[in-house]
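Step one of this worksheet: look at the structure below.
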Amino acid sequence: MAGVSSEVRGFRFRKLEKPEEFRQLLEVHRAVWGDEGVPTTLQRAIQDNGGLVLGAFADIHLVGFALSFLGWDGTTLYHYSHITAVRPEYQNHRVGFRLKTFQREEVLKLGLSELRWTFDPLQSRNAWLNVRQLGGRPDRYYIHYYGQMPDTINRGQETDRLRLRWELSAPAVEERLGGKTPTADEDLARWNSSTAIVETEVGEKGLRTPTAVAEPSGGLAHLEIPFDLAAVQEHEPETVRSWRHAVRDAFRAAFDLGYRVEDFAVITSGHERRSFYLLGPAPRASPEGAAPPAGSL
Ligand SMILES: CC(C)(COP(=O)(O)OP(=O)(O)OC[C@H]1O[C@@H](n2cnc3c(N)ncnc32)[C@H](O)[C@@H]1OP(=O)(O)O)[C@@H](O)C(=O)NCCC(=O)NCCS
């Protein structure tokens, strides 16, 4: 997790244009999930009708993409980002961050001010990118959202998702995009001053497992997820379900009590890295009325 100032060199970010580029998207999708994803004809239809199919290119080769389309919830018009992916060999080099910031720029050009998407709450890297670096705020919890999925990442898993809202011009978002993030000491202080709503302990194989879930009790709370879900899946697959259910129960209880996700942090403690959502109680309602509480479904 380098500083936000690191550069993304050697990549070009632009809309996909040619049929061959839409075909390359299928290859990137296959490299990441083992199947093809969105058909080329649908990609073209999305691109030409208010949607955005954006790519990260190394020379003429597509190495990552972000696909979004217009969304409407009855009140707000926004862009809904359905998939973002980077080829495995290019991951962790800021390509995903640049794709999302490019997507933001393009959505702002369309005259919209919000992007939404969903992500697996147990994926620490996604939470880091979406919440910590981009300043997006998850506000809903969906249980087994897609049902069973056959792809290599989701196969055999309950497909719970957090719905996230990214208010593109909110001051807090602009701060994060400008590189203003809490220091490691500040994260540690927030972690120390908050209470655990998922309690964990290190098991025999050296991996953490959840042992209990508690409701938040008024002040700041932290909600732990595995730092490396893939390692849990490989070495202790039987505990993935415990994680899934603990995190689900904790999020639902917290959202029901009006708690909101304020940030995401990774704490280093000895040789261990631990990942946490940081949650706080919603501000008290003012006479003019406060924003509606976050929800769980
Ligand atoms: C999610 C994804 C699009 C991000 O793209 P990327 O190019 O790898 O992302 P970036 O390099 O910009 O950012 C990843 C950040 O997470 C950090 N990170 C890596 N592993 C992490 C972990 N276990 N916990 C917390 N942060 C982690 C990286 O260090 C990096 O942060 P930094 O820039 O501060 O160092 C890409 O990894 C991917 O395709 N994943 C599989 C598919 C997927 O999950 N898609 C999203 C849902 S549709």
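Nothing in this text is a laboratory measurement; each read-out follows from the coordinates by a stated rule. On a predicted model such as this, the values are computed, not experimentally measured, just so you know. Here the Cβ is made from the backbone with ideal geometry for all residues, glycine too, and neighbour counts use every protein chain on show.
Would you mind checking the tilt of helix 95-109 against the longest principal axis of the Cα atoms of the chain, expressed as 0 to 90 degrees and rounded to 10?
With both axes taken from Cα atoms, the answer is about 70 degrees.
Given that compact globular proteins tend to follow 2.2 N^0.38 Å, what is the ratio of the alpha-carbon Rg of the range 224-265 to that value?
Values: Rg = 12.2 Å, N = 42, 2.2 N^0.38 = 9.1 Å.
Cα Rg divided by the expected 2.2 N^0.38 Å: 1.34.
For Glu238 and Ser269, what is the calculated FRET efficiency with R₀ set at 22 Å and r taken between the beta-carbons, to the nearest 0.05?
For R0 = 22 Å, the calculated efficiency reads 0.35.
Fewest first, what order do Leu108, Leu257, Leu162, Leu16 take by the number of other Cβ atoms within 10 Å?
So the ranking, lowest neighbour count to highest, is Leu108, Leu257, Leu16, Leu162.
Provide the percentage of antiparallel DSSP beta bridges, counting only those with both residues in the range 24-128; round to the nearest 5.
Given both bridge residues lie in the range 24-128, the antiparallel proportion sits at roughly 90 percent.
What are the principal axis extents of the Cα atoms in the range 110-200, in Å, biggest first?
Reported extents, whole Å, longest axis first: 44, 39, 21.
Give me Asp185, Asp139 sorted ascending by neighbouring Cβ count inside 10 Å, so fewest comes first.
Going from least to most buried by this count: Asp185, Asp139.
About the Cα centre of the range 192-281, how large is the charge dipole given +1 on each Lys and Arg Cβ and -1 on each Asp and Glu Cβ? Please answer in debye to the nearest 20.
With only Lys, Arg, Asp and Glu charged at Cβ, the dipole is about 160 debye.
For the chain, modelled as a Gaussian network with Cα springs under 10 Å, which listed residue fluctuates most, Ala282, Ala45, Ala221?
Of the options given, Ala45 has the highest mean-square fluctuation.
Compare Gln133, Gln91, Gln123 in a GNM of the chain, Cα atoms joined below 10 Å, and give the one with the largest fluctuation.
Looking only at Gln133, Gln91, Gln123, the largest GNM fluctuation is found for Gln91.
Counting alpha carbon pairs within less than 8 Å and at least 6 residues apart, what relative contact order, in whole percent, applies to the chain?
14 percent
Cross-link partners among lysines for Lys15, C-alpha distance below 29 Å, same-chain residues fewer than 8 apart left out?
In chain and number order, the partners are Lys100, Lys109, Lys180.
Please compute the Kirkwood hydrodynamic radius over the chain, one decimal place, Å, based on all pairs of different Cα atoms.
One over the average 1/r among Cα pairs gives 20.1 Å for the chain.
Dipole magnitude of the chain about its Cα centre, charges +1 at Lys/Arg Cβ and -1 at Asp/Glu Cβ only, in debye to the nearest 20?
Its charge dipole is roughly 600 debye.
With a 10 Å Cβ neighbour count serving as the proxy for reagent exposure, in which order, fewest first, do Ser275, Ser242 appear?
Details: Ser275 24, Ser242 15.
Exposure proxy ranking, most exposed first: Ser242, Ser275.
For Lys18, which aspartates and glutamates qualify as cross-link partners when the Cα separation must be under 13 Å and same-chain residues fewer than eight apart are set aside?
Asp48
Using the alpha-carbon atoms, what tilt in degrees (0 to 90, nearest 10) does helix 19-33 show relative to the longest principal axis of the chain?
Result, in degrees: 30.
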